[in-house]
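Quick note: the coordinates plus some simple rules give every number you see, no bench work behind them. Predicted, not measured: the structure shown is a model, and the values here were computed from it. Cβ placement follows ideal geometry from the backbone for every residue including glycine, while neighbour counts extend to all protein chains displayed.
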Amino acid sequence: MRTAVDFETLSAIATGFTQQSKSVLADALRCLRETRDPVTTLELLRELWRAAPGSGPQKDIEAVGDWLVDRLRWRKSSTPDDLLTELGWLYRLAVVHGKDRWDDRGRRGGADRRDRGRASRLPAFAAHIEALRRSPQRESARPALDLFAPRSAVARPSEQVPHLLLPDVLEVSFESPAAATEAFRNARERVKGGKAPKPRLLALQPVDAALRPLVGLITCSTTETVGMREVEQRMLEDSGKAPTFWIVVSKCDEKRLASQVHMVIPDVEHGRR
């Protein structure tokens, strides 16, 4: 683990897992340790998903697969050792932070058995396997797996982070408005007590649900992300209702942390990538 921010990001990710995700993480760890190939690990997860006995176990596999795809797409020059370290920490953190089970929609039942009969249905992470397998960086990287780095020798800064089909300007909301309310309240109480507010990472999600599988986890920081004071003020004015706001995806760092949030659509030159 390189920094406290890395650890806090993984802790936030682990809250999206269940206690049963531990077995999936263990399988992914074992496969990656033996093959040193994250694409092969994704293929294993896809086959485990197909064989899973219900939507609950499938959701556990999807959570791990989505994280691994996001990790490969957004963090450049990831070595197998980096991924093994983070998978190991996710396993430990899932034990501490993982929820007991999925909600009613994730439990076993007639509906999910019917869905499993549809051969065309696959988890979102599986759609990225072919692109990752064909990546020229996968063939040449030894040991680094810079899977989506620009092919040109000299790249513009905006090319360093791939966005696939995402619009560069993305309307987002807090994944957990309650967590945002609590974080802002704690910060205000610390300031009243003469203390500096503690940094808190808050997960964001696109307002457009169709874009969520492409985005994965993006966070903002209550102390490091510019514009958070304006978001807090809007929430106070609207009796605690969380607003929507905008981020520029290309300005997120490699840890998926938004550098700035905007209450109005920012004027940028980037189009759909």
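Cross-link candidates for K198: which lysines have Cα within less than 28 Å, leaving aside residues fewer than 8 places away along the same chain? Hits, sequence-local ones excluded: K99, K241, K251, K255. Note on region 28-91: Kirkwood radius taken over Cα pairs, Stokes-Einstein applied at 25 °C and 0.890 mPa s, translational D equal to 204 µm² s⁻¹. Summing charges over all other residues whose Cβ lies under 12 Å from the Cβ of P243, with Lys and Arg as +1 and Asp and Glu as -1, gives -3.
Near K22, within a Cβ-to-Cβ distance under 11 Å, what is the net charge of the other residues, with Lys and Arg +1 and Asp and Glu -1? For residues surrounding K22, the net value is -1.
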